[in-house]
Amino acid sequence: MITTITGGETEIVKPYIESIADPNYKKYGGYHTGVDLKATSVYNLCPGTAVFVGEDETGQIVIVQHDVSHCIMYKELSTVAIEAGQFVDSYQLLGTVKSYVHVDYLTDGNTMWPVRVGSQTL
């Protein structure tokens, strides 16, 4: 699979799992918002503003807001190449990862479940 986010060919490490009825629910141990993609470098999908650059126990996090209510969150980064508040173009390098990046689409600041970064709910 070719993906802009990783800059080339990649594979899905862990898919989006919405419900217990999903055949991947048991295989991957429960719900999973977003998708994990095998990568070494991570590139921005759509132009927008980096509204959050920080970290949690999994690594560095970048959230890029594309319009009033739509963002993409990139998690588990090892390094980050941008700063919060910065405009980020399509295909611009966001950072690097050790083996995969977790990518989650946020609408109105939420996924199906609230996203927690440290003590802050986004």
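Accessible area per residue, 1.4 Å probe, Å², for the chain: what's the number?
So the chain comes to 55 Å² accessible per residue, rounded to a whole number.
Please tell me the relative contact order of the chain in percent, rounded to the nearest whole number, where contacts are Cα pairs under 8 Å and at least six residues apart.
Once divided by the residue count of the chain, the mean separation gives 25 percent.
What nm value, rounded to one decimal, do you get for the distance between Phe87 and Thr4 when each label is placed 7 Å out toward the C-beta?
Once both label points are built, they end up 1.7 nm from each other.
Per residue of the stretch 35-41, what does 6.51 cos²θ - 1.76 cosθ + 1.60 with θ = phi - 60° give for ³J(HN,Hα)? Whole Hz please, x for Gly and Pro, Karplus curve as stated.
Values, residue by residue: 9, 9, 10, 4, 6, 10, 10 Hz.
Quick check for me: using +1 on Lys/Arg Cβ and -1 on Asp/Glu Cβ, what's the dipole size of the stretch 1-56 about its Cα centre, in debye to the nearest 20?
So the dipole magnitude of the stretch 1-56 works out to roughly 140 debye.
Pop out the carbon and sulfur fraction of the accessible area of the chain as a percent, whole number, probe 1.4 Å.
The computed percentage sits at 53.
Taking all pairs of different Cα atoms in the chain, averaging 1/r and flipping that mean, what Kirkwood radius in angstroms comes out?
Hydrodynamic radius (Kirkwood, Cα only) of the chain equals 14.6 Å.
Find the centroid of the Cα atoms in the stretch 1-52 and in the stretch 53-108, then give the distance between the two in whole Å.
Taking the Cα centre of the stretch 53-108 as reference, the centre of the stretch 1-52 is 12 Å away.
If I take R0 = 25 Å and measure r between the Cβ atoms of Asp67 and Asp22 in this structure, what FRET efficiency does the formula 1/(1 + (r/R0)^6) give, to the nearest 0.05?
So the FRET efficiency works out to roughly 0.30.
Cα gyration tensor of the stretch 66-108, axes a ≥ b ≥ c as square roots of the eigenvalues: rounded (a/c below 1.5), prolate (a/b > b/c) or oblate?
Judged from the Cα gyration tensor, the stretch 66-108 comes out oblate (a/c at least 1.5, b/c at or above a/b).
Could you identify which residue out of Asp36, Asp56, Asp22 has the top mean-square fluctuation in a GNM of the chain using Cα springs shorter than 10 Å?
Judging by the Gaussian network model, the answer is Asp22.
What aspartates and glutamates does Lys26 reach when the alpha-carbon gap must be under 18 Å and sequence neighbours fewer than 8 apart in one chain are set aside?
Answer for Lys26, where 18 Å is the Cα cut-off: Glu18, Asp36, listed by chain and number.
Say we join alpha carbon atoms closer than 10 Å with springs in a Gaussian network model of the chain; which of Lys26, Lys14, Lys98 then has the biggest fluctuation?
Taking springs between Cα atoms under 10 Å, the residue moving most is Lys26.
Have a look at Pro15, Pro47, Pro23 and tell me which one the Gaussian network model of the chain (Cα, springs below 10 Å) gives the largest fluctuation.
Of the options given, Pro23 has the highest mean-square fluctuation.
The values are calculated or read from the model by the stated rules, or taken from the named source; none is laboratory data. These figures come from a predicted structure and were not determined experimentally. Cβ: placed from backbone, ideal geometry, glycine included. Neighbour counts: every protein chain shown. Protein only, heavy atoms only, side chains kept; ligands, DNA and RNA dropped before computing areas. Shrake-Rupley method; radii C 1.70, N 1.55, O 1.52, S 1.80 Å.
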